[in-house]
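> Questions regarding the structure given below will be posed in turn.
The values are calculated or read from the model by the stated rules, or taken from the named source; none is laboratory data. Because the structure is a prediction, the values reported are computed rather than measured. Glycine also receives a Cβ, built like all others from the backbone with ideal geometry; neighbour counts cover every protein chain displayed.
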Amino acid sequence: MRRRTLIVSVACLLVLGMAIPAVAGSVHLKGGPRAEPSFVDGGLTLSASGALSGLGNGDVLISITATADVTSTCTNNGGNAAPGQNPAPITVIGSQAIPQSELKNGTTPFSVVTTAPAAEIPGAPDCPSPQWTESIDELAFTSATITVEQAGTTVLTLTCTIDPPSSDGNIPAGNVSCTSS
C-alpha cells in the first residue's frame with residue numbers, strides 16, 4: 001500500500017513539474033553586476049530600456065511604476081494663467097509584453113514607457129479656486145520601479161532613485177541608482 005502511494009505521489013509531482021513552464025532564477029540586466037537601465041524623460045512620460053539575461057521559458061511582462069514632481073498651470077475662467085501651487089507628486093505606469101518567441105538564448109532587449117497622466121487635474125486642488133482649470137505641464141521624475149515577470153512569476157524587481165529629479169531628455173547614468181531583488 002505504501003509503495004503504491006509513493007508511486008502515485010511521484011507520478012503526480014512529475015505531471016505537475018511538466019505543466020509548469022521553466023522559469024530561470026537568475027534574471028538580471030545584461031552588462032554585469034552594476035548594469036542599470038537607461039532612462040529618458042519625455043516631459044510627461046518616462047522610458048526605461050536595457051537588456052535582460054538569464055530568462056527561462058515563458059512570456060515576459062515588464063512593468064514600470066514611476067513617481068514624479070508635477071509642474072502645473074492654473075487657468076481661470078477668463079483665460080488668465082498662473083503657475084500651480086506645489087502639486088502633490090504623481091505616479092504613472094506602463095508595461096511591455098514580450099512573447100517567449102522573441103527570447104534568444106534567455107536574453108531580450110526591452111523598452112518600456114509610462115503612460116502620460118491626464119492633461120488636467122480634476123477639481124484644480126492646487127489652484128485658488130476649484131472653478132479654475134489645473135493642467136499638468138511637466139513631470140520631474142524622482143524614482144522608478146521596474147518589475148519583470150515571466151510565466152506569471154516575478155523574477156526581477158529594480159528599484160531606482162533619480163537624484164536630482166529629471167528634466168526633459170536622457171537622464172545621466174550618474175543621476176540614477178538602482179537596487180535589484
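Per-residue answers, yes or no, for (1) closer than 30 Å to GLY84 by Cβ; (2) in contact with a helix residue (DSSP H, G or I) (Cβ under 8 Å, 6 or more places away or on another chain); (3) among the aliphatic types (A, V, I, L, M); (4) modelled with pLDDT of 90 or more:
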residue: PRO109; (1), (2), (3), (4): no, no, no, yes
residue: GLN131; (1), (2), (3), (4): yes, no, no, yes
residue: GLU138; (1), (2), (3), (4): yes, no, no, yes
residue: ALA144; (1), (2), (3), (4): yes, no, yes, yes
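> For segment 56-85, name all the residues that are surrounded by fewer than 16 Cβ atoms within 10 Å (Cβ to Cβ) and over 25 Å from GLY43 (Cβ atoms).
Result: ASN57, ASN77, GLY78.
> Looking at LEU44, is it closer than 16 Å to GLU138 by Cα, assigned to a loop (DSSP other than H, G, I, E, B), aliphatic (A, V, I, L, M) and modelled with pLDDT of 90 or more? Outline the logic, then answer.
Working: closer than 16 Å to GLU138 by Cα: yes; assigned to a loop (DSSP other than H, G, I, E, B): yes; aliphatic (A, V, I, L, M): yes; modelled with pLDDT of 90 or more: yes.
Here the answer is yes, as LEU44 does meet what is asked.
> Further, regarding this structure: What pairs can you find where one residue is in segment 17-45 and closer than 18 Å to ASN170 by Cβ and of a type in the set (A, V, I, L, M), the other is assigned to a loop (DSSP other than H, G, I, E, B) and modelled with pLDDT of 50 or more, and their Cβ atoms are less than 6 Å apart, with a gap of 6+ or different chains?
Once the first residue is closer than 18 Å to ASN170 by Cβ and of a type in the set (A, V, I, L, M) and sits in segment 17-45, its partners that are assigned to a loop (DSSP other than H, G, I, E, B) and modelled with pLDDT of 50 or more give LEU29/ALA35; LEU44/ALA116.
> Checking the condition more than 29 Å from GLY56 (Cβ to Cβ) and out of contact with any Lys or Arg (no Cβ under 8 Å at 6 or more places or on another chain), which residue from ALA151, ALA118 passes?
Residue meeting the stated conditions: ALA118.
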